Every structure is written in C-alpha cells, then in structure tokens.
Amino acid sequence: MKKIILLLMILLIGVASIVWILTNQEDETKSSNPASSNEKTVEEDKNTGDINSVEDLTEEKVVAILNGYREAFESLINDTNEQNFLSSYNSINEVRGFLTEVMSTKQANEIIENYLENRDRGVYFIAKESPVFFDQDTDFTFKKVTKQHYKVIQQQENQMRGKIEKTFHVRWVEDKWILDNVEVERLEAVEPNVDQLAQEVIQVINKRDMEALAVYAHKEKGVLFSPYVHVKDQHQVFTKEEIAKLKEDETVYHWGNYDGSGKPIELTPLAYFNEFLNVEKLQEPDEIYVNQYNQHGNAINNHKEQFPNAKIIEYHVEGTEENAKMDWQSVHLVFEKNDNELWKLTGIISDQWTI
C-alpha cells in the first residue's frame, strides 16, 4: 500500500513540473515578441487614427473640390496654342502630376485617355465634347457614404446628352479630399436637335478641325464624302478614327470624277477640303433645307434613295449677279441614328455649279 501511495505522489509531482515548464515557455515567448501578441490592437488603433484625422466635408468644401476639377480641365484648354499643343507641359506624366492634385489617378487617366495624345511636337489636346462637370447653380444631393467617402448627386438635361444623373464620388486620400470618379446614368433620351449639330459641323469643317469633326462621325458607318450631289458607292468613306487624322494624311485618294471632263479627282484630304468644302460663305447661308432633296444644277440628287432613314441638312448660298448666278454652293450633311438612338454624321456631300 505504501508503495502505491509513493508512486502516486511521484506521478503528481511530475505532472506539476511539466505544467510549470510549459507555462514558463509560453510567457517567455510572449515577452520576447510583444508586438505579435498586440498585433490586432495596434492595427485597430492605426485605422482609428486614420479615420479620426479625416477633416469634415461640408457642402461648401465639396463645391470647391468639384469646381477645382472643372478648373483643372479648363486650364489645359487655355494652355493650348493655335495648333492645340499644350505650352506648359512636356509630357503626359507632367499633366498627370498636375491633375492628381485635385483628382484620383484613375480619374486623371480617364481625362488623359480621352483628351490628350503624345505627338512628335509635344502633348496634343484633342478637341471634343467636354467631360461631365458639376454645376454649382443647380440643385444637388449631398450624401455621406462613410467618413472617408461622400457622394454628390445632380441631374442635368441638355441637347447633346438628354436627361442624365451625375454622381461625383469624393474621397479622403492621403490627407486631403479629392474627386475620385464620376458616374453618369442616362435617365431619359431626348431627340437631339439635328439643326444645331449641322451648324456645329459646318463650323468645324470651316476650321479644318478634323479631331472635332470625328466627334460627330457615326462610329459604325463612318462618313461618306461625295464631291457632287449624285452619290455613288465608290465615293470615299472614312472611319471616325481616320477622320481625326485627315489633316496630317498625305495620301492621294480617288474621290470620284470631275463632272464635265470626267477626269479622276485625285487629291489629298486637305486638298479635297480646299476644293470641294470651302464653306466660309455657308457660315451665313441664304437657305437651310431639311430633307428637301433640291435640284440646283444638272447632277441628279439621289439622296432619298441612298439615305432613306436619314435627316439631311442642306446649307445653300445663292449665286451672285456679277457671276450670272453660277457661283451658288451647297453642302448637304447626312445624319443617321446609331445604336443609342443618337444622330451621327454619315455623309458630307458637296454641290456646286458644274459645266
């Protein structure tokens, strides 16, 4: 019996010793690596510190931020020379550095992708419709998403875009509030004013601004160029991307044949514009016709057959008495709807007195 009691005592002492050793080892590990034991707490403290450092965003501040976005974009426009090259920036990266003072890198890259292009002579600004901006004179909704994220929601209705809802996301990034991104939702499509589009296209043609002209072009169909009112299948058709580069294009194209002589019309795009699309007088036309298919000269107007679903705007100036009325001129602008039910340019047709 004594032996059994002695063995039990030895066993209990052994177990107690093992527990004591393991407990000491765990304490030593914790004391040698205190950071790991408090890692979650430290991270939570860090996040709490970031949130606590966020400045309150008032409506007055958010208006200033969104106006700053517009002003940054407009400053690029004002920085362009007569050839649309930026004067104060030598590279796209320099422009990006400027833009990210007031907006996220993502939003800056979107502006750069849509409006800027590196060329041999520097950074080129592409003239086209401006981005969606905040209008401080229009009512808006100011919503808090989190302490570091707010939304500004505003509705707008205009001739080009219809009725839309604009959402501007403003975030706290690197100790300041900036515009993070812009979302646009179309609420209601409106019938565009084709007359206004035609007027803008005539002005763009007169300026020989091919980048701007490309903005109006139908993306799928491109734009057909006909030197005379009788349109033929072999007349030149250029895509939206090709139109943007026509001013620098030195290729000699076959545009058709001269009426009367029958000789081929072989010209570069700029030479063609100078000969058949000299529209300075059409800035103030004597008449503007819509789908009237007028017959001014000997060439047969076949627009109704060629463009059955189009709206065709004709700009026309009468001939002068001193030239026996033979210096009359017309340009017909053909617009057809795209997949989004928006009117886009699909044809530029010249019409003038011929022998």
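What per residue convex hull volume, in Å³, do the alpha-carbon atoms of the stretch 54-146 yield? Intermediate results must be reported in sequence, preceding the final value.
Working: hull volume 11.1 nm³, N = 93.
Per residue, the Cα convex hull of the stretch 54-146 comes to 119 Å³.
Determine how many Å³ per residue the convex hull of the Cα atoms of the stretch 266-336 encloses. Kindly include the intermediate steps, with their values, before the conclusion.
On the way: hull volume 8.9 nm³, N = 71.
Expressed per residue, the convex hull around the Cα atoms of the stretch 266-336 is 125 Å³.
Enumerate the lysines that Lys151 could reach by cross-link, defined here as Cα to Cα under 22 Å, with residues fewer than 8 away along the same chain left out.
Candidates past the 8-residue exclusion: Lys61, Lys106, Lys143, Lys163, Lys166, Lys176.
Can you compute the FRET efficiency between Glu117 and Val173 using 1/(1 + (r/R0)^6), with r the Cβ-Cβ distance and R0 = 30 Å? Round to the nearest 0.05.
Numbers: r = 28 Å, r/R0 = 0.92.
The pair Glu117/Val173 has a calculated efficiency of 0.60.
Only sites in a loop by DSSP and with at most 14 other Cβ atoms within 10 Å count here; which GluC sites (Glu not before Pro) in the stretch 178-281 make the cut?
Working: sites: Glu183, Glu185, Glu188, Glu200, Glu211, Glu220, Glu241, Glu242, Glu248, Glu250, Glu266, Glu275, Glu280; in loops: Glu220, Glu250.
Counting only loop positions with at most 14 other Cβ atoms within 10 Å, the GluC sites (Glu not before Pro) in the stretch 178-281 are Glu220, Glu250.
Roughly how many percent of the accessible protein surface of the stretch 256-355 is carbon and sulfur, given a 1.4 Å probe and a whole-percent answer? Don't jump to the answer; show the numbers that get you there.
Numbers: 2300 of 5280 Å².
In the stretch 256-355, the share of accessible area belonging to carbon and sulfur is 44 percent.
Total Lys pairs in the stretch 277-355 closer than 21 Å by alpha-carbon, pairs eight or more apart in sequence or interchain only? Display every interim value, and only then the final one.
Working: Lys281/Lys325; Lys304/Lys337; Lys304/Lys344; Lys311/Lys337; Lys311/Lys344.
Qualifying lysine pairs in the stretch 277-355: 5.
When the Kirkwood radius is taken over all Cα pairs of the stretch 191-267, what Stokes-Einstein diffusion coefficient follows at 25 °C and 0.890 mPa s, in µm²/s?
Values: Rh = 13.8 Å.
Translational D for this selection: 178 µm²/s.
Say each of Gln234 and Glu250 gets a label point 7 Å from the Cα, pointing the same way as Cα to Cβ; how far apart are those two points in nm?
Taking the two extended label points, one gets 2.8 nm.
The values are calculated or read from the model by the stated rules, or taken from the named source; none is laboratory data. The model shown is predicted, which means the values in this text are computed figures rather than measured ones. FYI the Cβ positions are ideal-geometry reconstructions off the backbone, even for glycines, and counts take in every protein chain you see. In case anyone asks, the SASA skips ligands and DNA or RNA and just uses the protein heavy atoms, side chains included. Shrake-Rupley method; radii C 1.70, N 1.55, O 1.52, S 1.80 Å.
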